[in-house]
Amino acid sequence: MKSAYTPRRTKIVATLGPASSDEKTLARMIEAGLDVVRMNFSHGTAKEHAARVEMVRALARKAGRAVGVLVDLQGPKIRIGRFKNDRITLASGDKFVLDADRKIGDAGGVGLDYKNLPQDVVPGDTLLLDDGRIVLAVTQVKGARIHTVVEQGGPLSNNKGINRKGGGLTAPALTEKDMQDIKVAAQLKADYLAVSFPRSGADIQWARDLMTKAGGRSLICAKIERAEAIPALAEILDASDAVMVARGDLAVEVGDAVVPALQKRMIRMARERNKLVITATQMMESMINNPIPTRAEVSDVANAVLDGTDAVMLSAETARILKMPDVNSRLSDLGAEPVGSTAAEFDAHIKSEIVKWAKVIKDANVELQ
């Protein structure tokens with residue numbers, strides 16, 4: 001019987017969550033073509049992550065497959081606090097206060113997990129909550145309180161993220177939690193460490209130094225999520241082993257219309273430097289609720305592949321896609337040789353891949369046995 005797994009150029013990175021962490025589901029995911037598991041350190045404990053990594057590696061050995069482990073640091077994701085009844089609904093024109101000193105929120109305001117936010121904003125700024133679903137206009141900043149008017153309302157629940165339109169928040173790239181999580185990643189012998197919200201090459205070097213100090217040898221992946229990272233792309237790429245086009249937070253800060261061109265630019269710059277590149281966020285998100293992806297999603301994945309991405313990353317849609325062999329087969333087909341490529345073009349691609357991986361191995365000081 002033919003295996004469901006089909007080797008492909010473009011790899012599949014899949015996020016492990018509650019729906020995709022049991023042994024049976026993981027085995028089916030590996031059989032279906034999983035190449036790298038993403039451990040989202042925004043959630044879960046070190047013990048839970050260690051158990052999942054051990055299970056993945058055991059199942060991969062059993063299947064005769066090599067499956068990498070990517071630890072994704074939480075980073076300085078700025079979030080609101082909790083509400084008394086877990087959620088509220090805001091309407092356009094409502095007044096709403098973000099208060100760094102507040103503990104429990106209600107329809108009039110909510111607390112913050114980042115106490116310096118009032119120092120980072122001024123009247124006239126636009127704050128985007130829940131990946132841009134809620135839009136607030138800053139009218140006044142007084143002490144620890146940011147007074148706003150709702151420009152775009154909707155439901156808002158606990159711990160949703162906050163972005164400032166255009167970027168400019170001063171939170172460092174690595175939090176105290178991230179520094180501890182790097183030690184955990186080293187203990188897990190993670191293949192990749194993804195650094196969230198870097199602004200410069202120095203942020204990447206900082207993470208690399210901490211990983212080395214912890215005894216780890218993970219390749220460092222820069223997640224491009226901040227507007228400030230765009231002018232520093234060259235130095236960030238030069239300091240990294242890989243880059244992730246993290247389209248979610250990036251789109252909130254720079255605008256959806258800008259992201260497609262930035263994605264192509266980042267993939268091109270990464271390939272010029274022989275760096276690995278992962279394209280992420282909402283690749284096939286409609287499949288959380290639907291059995292097949294939309295045509296737009298298929299085109300999105302295919303265009304990322306044709307642009308030269310080394311991997312596509314699945315998040316909330318992971319379990320559903322990789323448990324459906326027919327859909328996964330179609331996803332795998334998108335990573336096969338592009339339609340219409342000539343033998344010469346294929347040979348040129350292989351040579352490029354050899355050069356790229358040789359450099360990655362050399363830079364990482366990997367000893368081949």
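The values are calculated or read from the model by the stated rules, or taken from the named source; none is laboratory data. Nothing here was measured: the structure is a model prediction, and the numbers come from that model. Don't worry about glycine lacking a Cβ; one is built from the backbone with ideal geometry, like all the others, and counts go over all protein chains shown.
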Residue check: is Gly255 among the small types (Gly, Ala, Ser), under 24 Å from Val135 (Cα atoms) and surrounded by fewer than 17 Cβ atoms within 10 Å (Cβ to Cβ)? yes
How many of the residues making up region 22-58 are among the hydroxyl-bearing types (Ser, Thr, Tyr) and loosely packed, with under 15 Cβ neighbours inside 10 Å? 2
What pairs can you find where one residue is in region 29-40 and of a type in the set (A, V, I, L, M), the other is assigned to a loop (DSSP other than H, G, I, E, B) and buried (at least 24 other Cβ atoms within 10 Å of the Cβ), and their Cβ atoms are less than 8 Å apart, with a gap of 6+ or different chains? Val37/Leu16; Met39/Leu16; Met39/Ala190
Among the listed residues Asp209, Asp125, Asp120, identify the single one that is surrounded by fewer than 20 Cβ atoms within 10 Å (Cβ to Cβ), at pLDDT below 95 and either out of contact with any His (no Cβ under 9 Å at 6 or more places or on another chain) or more than 23 Å from Asp256 (Cα to Cα) (or both). Asp120
If only one of Ala100, Ala91, Ala58, Ala14 is among the hydrophobic types (A, V, I, L, M, F, W, C) and free of Cβ contacts under 8 Å to residues at least 40 places away in the same chain, which one is it? Ala58
Answer residue from region 251-275, given it is within 13 Å of Val305 (Cα to Cα) and not basic (Lys, Arg) and is farthest from the chain's Cα centre (by Cα) among those: Ile267
Among the helices (runs of 4 or more DSSP H) confined wholly to region 159-267, which include 1 or more residues that are over 17 Å from Leu73 (Cα atoms), touching a Gly at 6+ places or on another chain (Cβ under 9 Å) and not polar (S, T, N, Q)? 233-239, 247-254
Given Gln74, Gln119, which one is within 30 Å of Gly153 (Cβ to Cβ), polar (S, T, N, Q) and part of a helix (DSSP H, G or I)? Gln119
Can you spot a residue in region 184-206 that is farther than 25 Å from Lys115 by Cβ and free of Cβ contacts under 8 Å to residues at least 24 places away in the same chain? no
For region 238-260, how many residues are of a type in the set (Gly, Ala, Ser), at negative phi and modelled with pLDDT under 95? 4
Just one of Asp131, Asp101 is acidic (Asp, Glu), in a loop (DSSP other than H, G, I, E, B) and either crowded, with 18+ Cβ neighbours inside 10 Å or out of contact with any Gly (no Cβ under 7 Å at 6 or more places or on another chain) (or both); which is it? Asp101
Does at least one position in region 227-236 carry a residue that is on the phi > 0 side of the Ramachandran plot, modelled with pLDDT under 95 and surrounded by fewer than 22 Cβ atoms within 10 Å (Cβ to Cβ)? no
Here are some conditions: (1) of a type in the set (Gly, Ala, Ser); (2) over 16 Å from Thr15 (Cα atoms); (3) assigned to a loop (DSSP other than H, G, I, E, B). Ala58 meets all but one. Which one does it not meet? (3)
Can you work out which of the residues in region 268-289 that are part of a helix (DSSP H, G or I) and in contact with a Ser or Thr (Cβ under 8 Å, 6 or more places away or on another chain) is farthest from Glu225 (Cα to Cα)? Ser286
